[in-house]
Each structure stands twice: as structure tokens, then as C-alpha cells.
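A.B. asks: Quick one: this structure, given as C-alpha cells, is what I'll be asking you about.
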Amino acid sequence: MVEFKYEIIETIAVLYESPKGWTTELNIISWNDKEPKYDIRQWAPDRSKMGKGISLSKEEVEFLKKALNSREEL
């Protein structure tokens, strides 16, 4: 398995918490000492494990925000 490192720079929001304590979070994370990105993924209660997620650049988050704001509510 490929080793990688990460640093959670800032937790912006906890979007959901499961009954088992796993949380879906929006964080700013630096992966492998690279420029920090916005990141959405699930984390174990002690952050020892993580689920698959998505990392977005600032530009991608700005585009996503515009796209969501232009849509009508579900």
C-alpha cells in the first residue's frame, strides 16, 4: 500500500455523524506536503481511519458554490 501523509489544516464543518460515530467532514487538508485543498470525506471517531472522499481546489469550490446557488431547491 502506498504511504501518504496528511495534515488537517482546518475543520470547516461536520456535515453528518453516523450512529457509530463516523463523521462526514468538510476540511482543508494538505496531502503529502502539497498545497491545501478542500476535502469532503468520512472519518472514524478518533480520525485513525478515513473513507474515500473528494478533494477540490479553491477554484473548483467556487465553481461548485456558483452552480449550487443557481439551482432551485430540491
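A.B. asks: Hey, if you put +1 on the Cβ of every Lys and Arg and -1 on every Asp and Glu Cβ in the chain, which of P19, Y38, I9 ends up farthest toward the positive end of that dipole?
C.D. replies: Most positive-ward Cα: P19.
A.B. asks: As I understand it, the value is the acute angle between the Cα axis of helix 58-70 and the longest principal axis of the Cα atoms of the chain; what does it come to in degrees, rounded to 10?
C.D. replies: Roughly 40 degrees, rounded to the nearest 10.
A.B. asks: Percent of accessible area on the chain owned by carbon and sulfur, 1.4 Å probe?
C.D. replies: Carbon plus sulfur share of accessible area: 54 percent.
A.B. asks: Structure shown: which of K5/K49; K5/K65; K20/K49; K5/K52; K34/K66 lie over 19 Å apart, alpha-carbon to alpha-carbon?
C.D. replies: From K5/K49; K5/K65; K20/K49; K5/K52; K34/K66, over 19 Å: K5/K65; K34/K66.
A.B. asks: Sticking with this one: Pull out a ≥ b ≥ c, the square roots of the eigenvalues of the alpha-carbon gyration tensor of the chain, then state rounded if a/c is under 1.5, prolate if not and a/b is larger than b/c, and oblate in the remaining case. Working shown, then result.
C.D. replies: On the way: a/c = 2.45, a/b = 1.28, b/c = 1.92.
Taking the square roots of the gyration eigenvalues as a ≥ b ≥ c, the chain is oblate.
A.B. asks: So what is the calculated 222 nm ellipticity per residue for the chain, using -39500 (n - 2.57) for each DSSP H run with n of 4 or more, over all residues, to the nearest 500 deg cm²/dmol?
C.D. replies: -5500 deg cm²/dmol
A.B. asks: Would you tally the net charge around W22, using a Cβ to Cβ cut-off of less than 15 Å, leaving W22 out, and scoring K and R as +1, D and E as -1?
C.D. replies: +2
A.B. asks: Hey, in the GNM for the chain with a 10 angstrom Cα cutoff, which one of P45, P36, P19 fluctuates hardest?
C.D. replies: P19
The values are calculated or read from the model by the stated rules, or taken from the named source; none is laboratory data. Quick caveat, the model's predicted, so the values are computed rather than measured. Cβ sites come from the backbone with ideal geometry, for glycine too, and all protein chains shown count toward neighbours. What goes into the accessible areas is simple: the full protein's heavy atoms, side chains included, and nothing from ligands, DNA or RNA. Shrake-Rupley method; radii C 1.70, N 1.55, O 1.52, S 1.80 Å.
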